[in-house]
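Trainee: One structure coming up, written as structure tokens, with questions to follow.
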Amino acid sequence: MEQRSKAVDGSGQLERALDILELLARTGSPVGLTEIATAVGGPKATVHRLLATLQTRGYVTQEAHGALYSAGVRCFELGSLWAQNLDLRAIAGPELRALNEETGETVHLAIYDHGDVVYVDKLESRHPVVAKSHVGRRCPATCVATGRVLLAFQPAAEIRSVLGTPIPSYTEHTVTEPGALAELLAGVRRDGFGVNHESYRIGVGGVAAPIRDHTGAAIASVGLCLPEQRFGPDRFDALRDRTVQAAGEISRALGDSLGVLALES
């Protein structure tokens, strides 16, 4: 019985220590002992001991003057190691497969690279008529849905650079005027998804949404690519919503709080 009591107490202390770390990381500015103890619901003496232990391990730093505490560099180091070891394809895989199975359409996982998108993973449509694509292929970010949702969230200087160079025309539906493209990208930022209706290849369309990492940055995109004959008003809403949901689930797996909020709203 005594052993069980210790285990429960140890678990409670661990939870309180994690609550302290989350509070300090979320606040982003030094916090006093009294405020920390009130927030995590613990006696000052206990919280002080936990802070001392966390400080010794580098997870918490104390201001030189006064009892104010901040998240320590060790938190950053662990977060960076975690981010470096992520395998985007492995993490996205379950959602990509689910999206492919539920829609029956080709699914792309793409990343941004100097005005282009590169397909890093792909699941083929099960329909007899498909829009052909290949892993490793580059496409202009201005023309395809997976690229538009990534270009839209690039730094302003990168967007100006891309829109400041001549935009090649691939079909009669290609948007090449910088002002019109800027407006299109603003719509992507507002709506959270991008669309392509024959702007790169005649008869081919797509819808995509950004994938965000733990910092909130758009690091990849997930999209559907399909013949326009299967991308009419009767299916658009369902395909868009399922694609946005898949991007949100992957983002959540990568630690993005925006993805969590979007899925819970």
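Bear in mind these aren't lab numbers, they're just calculated from the coordinates by the rules spelled out. All values reported here derive from a predicted model rather than from experimental measurement. Neighbour counts run over all protein chains shown; Cβ positions are idealised from the backbone, glycine included.
Trainee: On a 0 to 90 degree scale, rounded to 10, what angle separates helix 88-103 from the longest Cα axis of the chain?
Mentor: That helix lies at roughly 50 degrees to the long axis.
Trainee: Counting pairs of alpha carbon atoms under 8 Å apart in space and at least six apart in sequence, what relative contact order in percent does the chain give? All intermediate terms of the calculation are to be shown ahead of the outcome.
Mentor: Numbers: 434 pairs, mean separation 36.0, N = 265.
Result for the chain is 14 percent.
Trainee: Using the alpha-carbon centroid of each, what span in Å lies between the stretch 217-250 and the stretch 11-71?
Mentor: So the two Cα centres are separated by 43 Å.
Trainee: Be a star and scan the stretch 206-238 for residues whose amide nitrogen sits under 18 Å from the point 7 Å along the Cα-to-Cβ vector of residue 158.
Mentor: Of the residues in the stretch 206-238, 208-223 have backbone N under 18 Å from the label point off residue 158.
Trainee: Another question, if that's okay. Roughly how tilted is helix 233-253, in degrees to the nearest 10 and between 0 and 90, from the longest Cα axis of the chain?
Mentor: With rounding to tens, the tilt is 30 degrees.
Trainee: What number comes out for the charge environment of residue 151, summing +1 per Lys or Arg and -1 per Asp or Glu over other residues with Cβ under 10 Å away?
Mentor: Working: positive: 148; negative: 116, 158.
For residues surrounding residue 151, the net value is -1.
Trainee: Within a Cβ distance under 15 Å of residue 27, other residues only, what is the Lys/Arg minus Asp/Glu net charge?
Mentor: Around residue 27, the charge tally is -3.
Trainee: Give me the extension gain from residue 183 to residue 53: residue separation times 0.36 nm, minus the current Cα-Cα distance, reported in nm with one decimal.
Mentor: Length difference between fully extended and current span is 41.6 nm.
Trainee: May I pose another question? If each of residue 120 and residue 241 carries a label point 7 Å out from its Cα toward its Cβ, how far apart are those two points in nm?
Mentor: 3.0 nm
Trainee: Pick out, from 226, 141, 111, the residue whose Cα sits farthest towards the positive end of the charge dipole of the chain, with +1 on the Cβ of Lys and Arg and -1 on the Cβ of Asp and Glu.
Mentor: 111
Trainee: Here's another thing I want to ask about it. Who wins for biggest fluctuation among 190, 252, 16 in a Gaussian network model of the chain, springs between alpha carbons below 10 Å?
Mentor: Looking only at 190, 252, 16, the largest GNM fluctuation is found for 16.
Trainee: Also, I was wondering about something else. For the chain, what does the helix formula give at 222 nm: sum of -39500 (n - 2.57) over DSSP H segments with n ≥ 4, over the residue count, nearest 500 deg cm²/dmol?
Mentor: Numbers: 10 runs with 133 residues, N = 265.
That calculation yields -16000 deg cm²/dmol at 222 nm.
Trainee: Quick check: pseudo-label points 7 Å beyond the Cα along Cα→Cβ at residue 169 and residue 91, how many nm apart are they?
Mentor: Calculated label separation equals 4.1 nm.
Trainee: Provide the net charge surrounding residue 161, with neighbours chosen by a C-beta distance below 14 Å and charges set as Lys +1, Arg +1, Asp -1, Glu -1.
Mentor: -2
Trainee: In whole percent, what relative contact order does the stretch 89-208 give with Cα contacts below 8 Å and a gap of six or more residues?
Mentor: Relative contact order comes out at 20 percent.
Trainee: Suppose we keep just the alpha-carbon trace of the stretch 119-265; what are its Rg and Dmax in angstrom?
Mentor: That works out to 15.0, 42 Å for Rg and Dmax.
Trainee: Binning at 10 Å from 0, report for the chain what percent of all alpha-carbon pair distances ends up in each bin.
Mentor: Result, from short to long distances: 7, 25, 25, 17, 14, 10, 3, 0 percent.
Trainee: Pull out a ≥ b ≥ c, the square roots of the eigenvalues of the alpha-carbon gyration tensor of the stretch 17-168, then state rounded if a/c is under 1.5, prolate if not and a/b is larger than b/c, and oblate in the remaining case. Numbers along the way, then the final one.
Mentor: On the way: a/c = 3.80, a/b = 2.26, b/c = 1.68.
Because a/c hits 1.5 or more and a/b exceeds b/c, the stretch 17-168 counts as prolate.
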